[in-house]
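Have a look at the structure below before the remarks.
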Amino acid sequence: MNPFQTLRFAFGGLAANKVRSGLTMLGILIGVAAVILLLAVGNGSSQAVKDAIQALGTNALTVSSGSGSGSSTATVVKPLTVDDARALADTSQAPDIKGVAPEVSTSQTAIYQGTSHTVSSVVGTYPAYFEASNSKVDKGDYFSDDDVLNSRKVAVIGSTTATDLFGTASPIGKVITLGGTPFTVVGELATKGGTGFQDPDDTVIAPLPTVQNAFTGFSGSISQILVEATTADATTSATNEITTILMGQHSITSPSAVDFRVSSQTSLLTTRTSTDQTFTVLLGAVAAISLLVGGIGITNIMLVTVTERTREIGIRKAIGAPKGVILSQFLAESTLLSLVGGGLGVAAALIGAHFKIVGIKPVVIPESVYGAFGIAVAIGLFFGSYPASRAASLRPIEALRHE
Amino acid sequence: MRLRSRPQQPPPTAAPVPRGPVPILAVRKLVKTYGHGDAAVHALAGPVDADGVEQGVDLTVHQGDFVAIMGSSGSGKSTLMNILGCLDAPTSGRYLLDGIDVGHLDEHQLSLVRNRKIGFIFQSFNLVPRTTALAQVELPLAYAGVKAAERRRRAMAALTLVGLADRADHRPNELSGGQQQRVAVARALVTSPAMLLADEPTGNLDSRSTDDVLAIVDRLNAAGRTIVLITHEDEVARHAKRVVRLVDGQIYEDIRQAPLQGLPPALQDPVEFASHTLHVGHVRAHANGGDR
Ligand SMILES: Nc1ncnc2c1ncn2[C@@H]1O[C@H](COP(=O)(O)OP(=O)(O)OP(=O)(O)O)[C@@H](O)[C@H]1O
Ligand SMILES: [Mg+2]
């Protein structure tokens, strides 16, 4: 009996009961596809978080007003001011700080030639903002310090805003009306993309005094200060410097009574990444269970097949089939089931990975493909071998008498 | 030419006798008991001595013989046959097949013996389902490792011998009972085994199919093949050279009807043989409305 013949017998055996073989294969298919796809979804979501970290800039620190963590004993909260920002920009006191950008933010409706679009984030800031927030212009240019000093009505807009207002036309040099104030567009930012609730590309960035004049008023208070540390490693020392300087600015003596918060983007996102990993592991576990159930399906089918064909096994043994041949025939059948089922499962998963699933673009982990496929085939061999060896060990007369 | 009502073999330990026919199978003190204690069924026991110890069954069959085993239902015929066919193991006793002590063979060697030395024909045909007649007959050759082309040629020759060459592509469910049994005969003889064992091969067949199958068996025996078959019908036993009768797990009588060497009774004088057919009763039954 050569392997080819064994394979042909196995095909014959499976073809003899197409519906049953098909359903068993379906079980394995779903198991394998679920493992690959669910892991890909989990991986895709953590990949998206990682990308978001990169997009935000790992050097960036955000200083916001408020009694932070709740452990603070501050009774009066002094708002952040442009003076605070200036103090942070003093390189002699804060050597680890590279750039400081005070921010005010609001939301306004932008109109261009009758097209209206609500911009979710209108930011008034300094040019340092662009580098600190990792925002690069794609077309046109940034606004300058000179624009800030003269409160010019110029703006850099995000790609979503640009598309919504101008379509495919270039927005550079055009004048949009933002909350009643005309702004000349000088630059368009490159698309950042993102998976958060807020589209980071739906934004208008303008000089701080211009935005204060037009929308938030000149109270002197600002929403937050974006600080860029010199390097990603310097964020901790930069945080300490910010705390010291602002405590001086706000006349606070005890570090436990601070009325501001310094947070790094990275710290915010590591939390999300670890949540994501838990999520991936859970998804993987669910998928693994479905694969196991598929394996039990194979065992069950092989047991039924063997029981049903015990007489046939007896006949084959009576005409001289060695135990090994019977064993390999049934093993070939179960392996073939899992091989074809697993192969189709991999195909289904790879096709499925082209589509967004619950808003996440799945990123297939190559190891999961080999792993799931390998496990499926191993399951076929393992779970198939029990009924097969049971059948092959029968004495011919016992098998023949089987009803 | 020696005629013996009870073959007397030298004990297995003795040196082989140079003259005389070669024994192809020999069983010594064969006992088969199913179950234990009070519920034990002594399917093969042989004579019991004064102490109540079972002596077991002794039987020797020579090359070229045609033995019919008869006996009432439950007398142990199938039990004996299954042991002779290496399908079952005896409780005690020795079985020498072509000089080999089968009791000492392992599982794999046993499968080789079943494949090369024995052709087994069952009462219930026992064809592999969903398999064409040709593939069916090729199967033992496939297990023996014969190449595809050679396998096909020999399987076709065997099918031609049983007159079923034109049914090579039919599956068992597309064949009549008689045709199925002829496929089973072809399958049993395709490996040219030393002997053909048949457990009531015509038990499920009508008289015409019985004649077809027996004619093949007669020709095989005439060609030198050893045949052992079980039957209930005197008409079938008439074809054998020797008839062994079992009663309650022991050999009750052993009659030689024709010499060991030479043609089986049916072929010695076919016309004379046919004139004594016991089928007449059947024929009359058919004429009276029995179907065929
Ligand atoms: N597997 C078994 N377990 C228990 N008892 C058995 C088994 N096989 C056979 N027997 C018993 O052994 C005895 C002999 O059975 P066997 O099949 O050899 O009879 P037989 O001569 O072939 O009968 P028949 O002509 O009806 O086929 C019977 O009493 C039977 O009940
Ligand atoms: Mg019987």
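The values are calculated or read from the model by the stated rules, or taken from the named source; none is laboratory data. For clarity, every value in this text was computed on a predicted model and none was experimentally measured. A quick note on method: Cβ atoms are made from the backbone with ideal geometry, for glycine too, and the neighbour counts reach across all protein chains shown. We work out accessible area using only protein heavy atoms, side chains counted, and drop any ligands, DNA or RNA first. Shrake-Rupley method; radii C 1.70, N 1.55, O 1.52, S 1.80 Å.
Out of curiosity, is A:Val363 open to solvent by 40 Å² or more (accessible area, probe 1.4 Å), touching a residue at least 24 places away in the same chain (Cβ under 8 Å) and part of a loop (DSSP other than H, G, I, E, B)? When the stated conditions are applied, A:Val363 passes them.
When the residues of the range B:86-111 are narrowed to those that are within 9 Å of another protein chain (Cβ to nearest Cβ) and open to solvent by 60 Å² or more (accessible area, probe 1.4 Å), which ends up farthest from ligand 2 (Cβ to nearest atom)? Only one residue tops the list, namely B:His108. Kindly indicate whether any position in the range B:71-85 is away from ligand 1 (no atom under 14 Å from the Cβ) and either more than 9 Å from every other protein chain (Cβ to nearest Cβ) or surrounded by fewer than 20 Cβ atoms within 10 Å (Cβ to Cβ) (or both). Checked against the condition, which is being away from ligand 1 (no atom under 14 Å from the Cβ) and either more than 9 Å from every other protein chain (Cβ to nearest Cβ) or surrounded by fewer than 20 Cβ atoms within 10 Å (Cβ to Cβ) (or both), the range B:71-85 yields no hits at all. Among the criteria (1) touching a residue at least 60 places away in the same chain (Cβ under 8 Å); (2) among the hydrophobic types (A, V, I, L, M, F, W, C); (3) surrounded by fewer than 20 Cβ atoms within 10 Å (Cβ to Cβ); (4) touching a helix residue (DSSP H, G or I) at 6+ places or on another chain (Cβ under 8 Å), the one A:Met247 does not fulfil is (1).
Does A:Ser151 meet the test of being without any contact (Cβ under 8 Å) to a residue 12 or more places away in the chain, part of a loop (DSSP other than H, G, I, E, B) and not aromatic (Phe, Trp, Tyr)? Judged against the criteria, A:Ser151 is not a match.
Quick one: in the range B:28-68, which of the residues that are open to solvent by 50 Å² or more (accessible area, probe 1.4 Å), within 16 Å of ligand 1 (Cβ to nearest atom) and touching a strand residue (DSSP E or B) at 6+ places or on another chain (Cβ under 9 Å) is farthest from B:Ser92 (Cα to Cα)? Filtering the range B:28-68 for residues that are open to solvent by 50 Å² or more (accessible area, probe 1.4 Å), within 16 Å of ligand 1 (Cβ to nearest atom) and touching a strand residue (DSSP E or B) at 6+ places or on another chain (Cβ under 9 Å), the one farthest from B:Ser92 (Cα to Cα) comes out as B:Val41.
Let's see how each residue does on (1) within 20 Å of B:Pro265 (Cα to Cα); (2) within 16 Å of ligand 1 (Cβ to nearest atom); (3) within 14 Å of the chain's Cα centre (by Cα):
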position: B:Ala186; (1), (2), (3): no, no, yes
position: B:Thr191; (1), (2), (3): no, no, no
position: B:Gly203; (1), (2), (3): no, yes, yes
position: B:Ala215; (1), (2), (3): yes, no, no
position: B:Ala223; (1), (2), (3): yes, no, no
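Please tell me if B:Val228 is open to solvent by less than 50 Å² (accessible area, probe 1.4 Å), among the β-branched types (Val, Ile, Thr) and within 16 Å of ligand 1 (Cβ to nearest atom). When the stated conditions are applied, B:Val228 passes them.
Within the range A:297-345, being under 21 Å from A:Gly27 (Cα atoms), buried (at least 21 other Cβ atoms within 10 Å of the Cβ) and hydrophobic (A, V, I, L, M, F, W, C) holds for A:Ile298, A:Ile301, A:Met302, A:Val306, A:Phe330, A:Leu331, A:Ala332, A:Leu337. B:Ile255 fulfils the conditions (1) within 14 Å of another protein chain (Cβ to nearest Cβ); (2) more than 16 Å from ligand 2 (Cβ to nearest atom); (3) touching a residue at least 40 places away in the same chain (Cβ under 8 Å) except for a single criterion, (1). Scanning the range B:53-68 for residues that are closer than 15 Å to B:Asp248 by Cα and part of a loop (DSSP other than H, G, I, E, B) gives B:Gln55, B:Gly56.
Picking from residues in the range A:210-230 that are open to solvent by 20 Å² or more (accessible area, probe 1.4 Å) and touching a helix residue (DSSP H, G or I) at 6+ places or on another chain (Cβ under 7 Å), the one that is nearest to A:Ile245 (Cα to Cα) is A:Gly220. Summed over the range B:223-235, the residues that are assigned to a helix (DSSP H, G or I) and within 14 Å of ligand 2 (Cβ to nearest atom) give a count of 0. Taken together, the residues in the range B:81-111 that are over 25 Å from B:His42 (Cβ atoms) and in contact with a Phe, Trp or Tyr (Cβ under 9 Å, 6 or more places away or on another chain) amount to 1. Scanning the range B:112-141 for residues that are of a type in the set (S, T, N, Q), open to solvent by less than 10 Å² (accessible area, probe 1.4 Å) and more than 7 Å from chain A (Cβ to nearest Cβ) turns up just one, B:Gln136. Looking across B:Val243, B:Val217, B:Val280, B:Val247, one residue alone is at pLDDT 85 or above, out of contact with any helix residue (DSSP H, G or I) (no Cβ under 8 Å at 6 or more places or on another chain) and among the β-branched types (Val, Ile, Thr). It is B:Val247.
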